[in-house]
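The values are calculated or read from the model by the stated rules, or taken from the named source; none is laboratory data. Note that the structure is a prediction, hence the values are computed from the model and not measured. Cβ: placed from backbone, ideal geometry, glycine included. Neighbour counts: every protein chain shown. Protein only, heavy atoms only, side chains kept; ligands, DNA and RNA dropped before computing areas. Shrake-Rupley method; radii C 1.70, N 1.55, O 1.52, S 1.80 Å.
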Amino acid sequence: MATDKNEILLKVNQVYNPPRHVVAGAYIQPEEYESLYEESIQDPERFWARIAEDELYWFQRWDKVRAGEHPNYQWFVNGKLNITYNCLDRHIKSGRRNQLAYICTNEDGDEVKVTYGELLDKVCRLANGLKALGVKKGDRVAIYMPQIIEQVVAMLACARIGALHSVVFGGFSASALRMRIKEARAKVVITATWTKRRGKKINYKMNVDEAVEDLPFVEKVIVAQREGDDYELVEKEIDFHELLQRHSPCCDAEVMDAEDPLFILYTSGTTGKPKGVLHTIGGYNLFTHYTTKIVFDLHENDIYWCTADPGWITGHSYLVYGPLSVGVTSVLFEGAPDFPNPGVWWSIIDRYRVNVFYSAPTAIRLFMKYGETWPQKYDLSSLRILGSVGEPLNPEAWLWFYEHIGSKNCALVDTWWQTETGGHMVTTIPSYRAKPGKAGKPFFGVVADVVDRAGCSVEPNTVGNLVIKEPWPSGLRTCWNEPERYEKYWNTIAPYYLAGDLATKDEDGYIMILGRADDVLTVSGHRIGTAEVESALVSHPAVAEAAVIGKPHELKGESIKGFLIIKEGQNNSEKLITDIKLHVRRELGSLAVPDELEIVDSLPKTRSGKIMRRVLKAQELGMDIGDISTLED
Ligand code: PRX
């Protein structure tokens, strides 16, 4: 790699001023930043009301910007809107029907361009189709699809009629999908037959078949057949494209209350059961719109590419709702980052003249490994802003991204946020000074701090818990069917929202994220609960007990290691280990399969029987074990 370690260490505490051309065209000038931030937190209601008025279309104006009591807040009380109206109709009405909404491409280089007008047509047809199938406002629809335009259409069609979507990432197994369908009692499931990754077809429909078996409340499965398919659809199955053909392209957007739910998205926590994070329409539309516009400084003619899958929150907020609401053209790519070769992403930036590129540290580190000769083959001069999300962007990766992708001529924004926060919470805006390795400052309207367990701010550069001290418009409103899990975010270091990350804050107020404080792992940017993997492991007939830890990994950020106690009479063999890994793949999906499994005689536990993963991790990494006074043995 071109940059050496000493140079990196020197640069960590350096401040990077954004290039002049980025500042020149930016919505917010650096000298305006501080006063605008102050205004946004001194009078958040006024601040958000102004943005809501200037940026979005409301069928009916709200009575009050913020109401409610800790920790249940409502935003834009009695305001009426429909997020798809803001994402589609609004642009068409302002004469931008033929503007491209998406350029869809894949690893074979195929290309489909979809305008805002065409997208609205498809969304309305599917919305009418869903209505004809009996889907009503408040019903749940599960979506399990690859990164294709049909997935975006499916999400928006639900939002059009007020049904809640619950998108499940395609990397999850049939049984993980089934659990999510059951929890939400989805009436309809929308899927596609397959995706292609690294030249191989991966079947989605088979997983759906298995997931919905004997679930009587799933009334219909809508299947998007893909090129070359000729499935004979059975019983409750309906062809996606036929359904679109049969129904009218006119469907008025349902008038929704600002606090009506928009979607559920399951995410991992510290128990074996993922939680269904629920977002509502008004605050989410506003916050994702505004952060998309300001953090990426997006202007109408920009070409924007967010590499996330809609199966995760980044895809929801910054591939679908945010960019559509702002009205830009997005690239939608189906495939792996390095197939057919490690230059595929750079070739897409070159071909489509991408201006703003939003990706993840795990991908950046992968490209660092392949070396800078790959990006050098392409013209990346269209890039103006680079973004990162999902895990800490270490200074080395920051600098590589900045130098070799951005040619030292782009602003780089490292955005910290979560499924629960709906949108960006901590990040520098592009026109403002950045510090490699530090996410930056709180976004407008966000009061973030680093505190001790008692809720007191820690000294600068001291490790503490990242909290958000005031509600913000796009915070989760509850956890589906489990309100007590929602309360926990706000009651652990009351009255603050506890993010679950460790962080520091420097003298200038820049926040550096150090990683999770709880037993949640980030593996290749995917959030996975150790408890989920442990329950999958112990559901294998040979496993008696299991404990899972995350180990630092050069590319993935973290890799999963499991420690197992096997049942009497079972042999510790390579075959058994392979079999257990396969079992986890079936239970959860390939993303959760441990890289390493070690069979042990005992696990460190507290006297009350809780596994001390901290001890296992310290031992594994050769670190100090710390206080073990509560250890049983
Ligand atoms: O640990 C933080 C990490 O990802 C977690 C949230 O995961 P998820 O809900 O899946 O959402 C990921 C995409 C928003 C956080 O608690 N994380 C996210 N962004 C960053 C980050 N860690 C460090 N730096 C970031 N920029």
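Before anything else, pin down the relative contact order of the chain: Cα pairs under 8 Å, at least 6 apart, normalised by residue count, whole percent.
RCO, the chain: 14 percent.
Working out 0.36 nm times the residue gap between S539 and D601, then minus their Cα-Cα distance, what length gain in nm do you get to one decimal? Present the calculation step by step, with values, prior to reporting the outcome.
Values: separation 62, 0.36 × 62 = 22.32 nm, distance 1.85 nm.
That works out to 20.5 nm of additional length.
Could you state the principal axis extents of the C-alpha atoms in the stretch 520-621, from the largest down, to the nearest angstrom?
Answer, in whole Å and largest first: 38, 32, 20 Å.
About the Cα centre, and with charges only on the beta carbon of Lys, Arg (+1) and Asp, Glu (-1), how big is the dipole of the chain? Nearest 20 debye, please.
720
What does the net charge come to around G272 if you take all other residues with beta carbon closer than 12 Å to its beta carbon, with K and R at +1 and D and E at -1? Can you show the working numbers first?
Values: positive: K273, K275; negative: D519, E532, E534, E587.
Here the count lands on -2.
In nm, to one decimal, how far is the N571 label point from the E507 one, both placed 7 Å along Cα→Cβ?
Distance between the two pseudo-spin positions: 6.5 nm.
With the crude spin-label approximation of a point 7 Å out along Cα→Cβ, what separation in nm comes out for T271 versus Y27?
For the pair T271/Y27, the computed spacing is 3.9 nm.
Out of residues 5 or more away from D501 or on other chains, whose amide H comes under 5 Å of its own, with H placed 1.01 Å from N in the peptide plane?
Result for D501 returns L466, A517.
Distance between Cα centroids, the stretch 225-292 to the stretch 130-161: provide it in whole Å.
The distance from the Cα centre of the stretch 225-292 to that of the stretch 130-161 comes to 4 Å.
Which distance in Å, rounded to a whole number, links the C-alpha centroids of the stretch 300-367 and the stretch 397-452?
Using only Cα atoms, the two centres lie 17 Å from each other.
Return the aspartates and glutamates within reach of K220: Cα separation strictly under 12 angstrom, same-chain partners fewer than 8 residues apart disregarded; answer none if there are no such residues.
D209, E235, E237, D239
Which far-off residues, 5 or more places away or on another chain, put their amide H under 5 Å from the one on I493, with H placed in the peptide plane?
Here L498 satisfy the definition.
What Kirkwood hydrodynamic radius, in Å, does the stretch 1-157 give when the mean of 1/r is taken over all pairs of distinct Cα atoms and then inverted?
The Cα-based Kirkwood calculation yields 20.5 Å.
Once the Cβ-Cβ distance between K182 and E487 is put in as r, and R0 is 25 Å, what FRET efficiency do you end up with, to the nearest 0.05?
0.60
Lone cysteines in the chain, defined as no other cysteine's Cβ under 4.7 Å from theirs: which are they?
Taking the Cβ cut-off of 4.7 Å, the unpaired cysteines of the chain are C87, C104, C158, C250, C306, C410, C456, C479.
What three numbers, in Å, describe the spread of the alpha carbons of the stretch 234-372 along their principal axes, ordered from the longest?
So the extents along the principal axes, rounded to whole Å, are 49, 43, 41.
Give, in whole angstrom and from largest to smallest, the semi-axes √(5λ) of the equivalent ellipsoid of the stretch 7-77, with λ running over the eigenvalues of the Cα gyration tensor.
That gives 35, 18, 11 Å for the three semi-axes.
Just the accessible area per residue of the chain, please: how many Å² with a 1.4 Å probe?
Working: 24500 Å² over 633 residues.
Dividing the accessible area of the chain by its residue count gives 39 Å².
According to the Cα gyration tensor, what semi-axes, each the square root of 5 times an eigenvalue, does the equivalent ellipsoid of the stretch 361-509 have, listed from largest to smallest in whole Å?
33, 17, 13
Loop only per DSSP, at most 16 neighbouring Cβ atoms within 10 Å: give me the GluC sites (Glu not before Pro) in the stretch 556-633, ordered by residue number.
Loop-located and lightly packed - E568, E632.
Tell me which of A174, C124, Q151 sits at the most positive position along the dipole axis of the stretch 44-201, charges placed on C-beta atoms (Lys, Arg +1; Asp, Glu -1).
Selected residue: A174.
Assuming a ≥ b ≥ c are the square roots of the Cα gyration tensor eigenvalues, decide whether the stretch 128-274 counts as rounded (a/c under 1.5), prolate (otherwise, with a/b larger than b/c) or oblate. Provide the component values of the computation, followed by the final result.
Details: a/c = 1.56, a/b = 1.08, b/c = 1.44.
Taking the square roots of the gyration eigenvalues as a ≥ b ≥ c, the stretch 128-274 is oblate.
How much length, in nm to one decimal, is gained on full extension between D209 and D518, taken as 0.36 nm per residue of separation minus their Cα-Cα distance?
Working: separation 309, 0.36 × 309 = 111.24 nm, distance 3.49 nm.
Net length gain for the segment: 107.7 nm.
Computed FRET efficiency, Cβ-Cβ of D110 and K551, R0 35 Å: what is it to the nearest 0.05?
With R0 = 35 Å, the Cβ-Cβ based efficiency is 0.35.
What does the charge count around E219 come to, taking other residues whose C-beta lies under 15 Å from its C-beta (Lys +1, Arg +1, Asp -1, Glu -1)?
So the environment of E219 carries a net charge of +3.
FRET efficiency for I41 and K137, Cβ-Cβ distance as r, R0 = 35 Å, nearest 0.05?
0.50
What GluC sites (Glu not before Pro) does the stretch 195-247 have in DSSP loop regions with at most 13 other beta carbons within 10 Å?
E213, E227, E232, E235
Cβ neighbours within 10 Å, averaged per peptide: list 473-486, 28-41 in order, most packed at the top.
The densest-packed peptide leads the list: 473-486, 28-41.
Label 7 Å along Cα→Cβ of D379; the stretch 338-359 residues with amide nitrogen under 12 Å?
Hits in the stretch 338-359 for D379 at 12 Å: 350-354.
How big is Rg to Rh over the chain, alpha-carbon atoms, Rh as the Kirkwood inverse-mean-distance radius?
0.95
Could you go through the stretch 321-327 in sequence order and give the Karplus-derived ³J(HN,Hα) for each residue, using 6.51 cos²θ - 1.76 cosθ + 1.60 with θ = phi - 60°, rounded to whole Hz, and x for Gly and Pro?
5, x, x, 5, 5, 6, x
Place +1 on the Cβ of every Lys and Arg and -1 on the Cβ of every Asp and Glu in the chain, take the dipole about the Cα centre, and give the residue among H299, V584, L476 whose Cα lies farthest towards its positive end.
H299
Full extension from R61 to K200: what is 0.36 nm times the residue separation minus their Cα-Cα distance, to one decimal in nm?
Values: separation 139, 0.36 × 139 = 50.04 nm, distance 5.03 nm.
Here the answer is 45.0 nm.
Using θ = phi - 60° and the Karplus form 6.51 cos²θ - 1.76 cosθ + 1.60, what ³J(HN,Hα) does each residue of the stretch 423-436 get, whole Hz, x for Gly and Pro?
x, 4, 10, 10, 5, 8, 7, x, 7, 10, 4, 10, 10, x
Based on Cα coordinates alone, diagonalise the gyration tensor for the stretch 134-175, multiply each eigenvalue by 5, take square roots, and list the semi-axes in whole Å, largest first.
With the √(5λ) rule applied to the stretch 134-175, the semi-axes are 19, 13, 6 Å.
Starting at the first residue of the stretch 193-206, write each ³J(HN,Hα) from the Karplus equation 6.51 cos²θ - 1.76 cosθ + 1.60 with θ = phi - 60°, in whole Hz, x for Gly and Pro.
6, 7, 10, 10, 9, 6, x, 10, 7, 10, 7, 8, 5, 4
I143's amide H: which non-local residues (gap 5+, or another chain) put their own amide H closer than 5 Å, with H modeled 1.01 Å from N in plane and none for Pro or chain starts?
Excluding prolines and chain starts, which carry no amide H, the hits are S166, V167, V168, I190.
Can you check what the net charge comes to around D260, using other residues whose Cβ is under 12 Å from the Cβ of D260 (Lys, Arg +1; Asp, Glu -1)? Provide the component values of the computation, followed by the final result.
Working: positive: K80, K137, R477; negative: E254, D257, E259.
Result for the neighbourhood of D260: 0.
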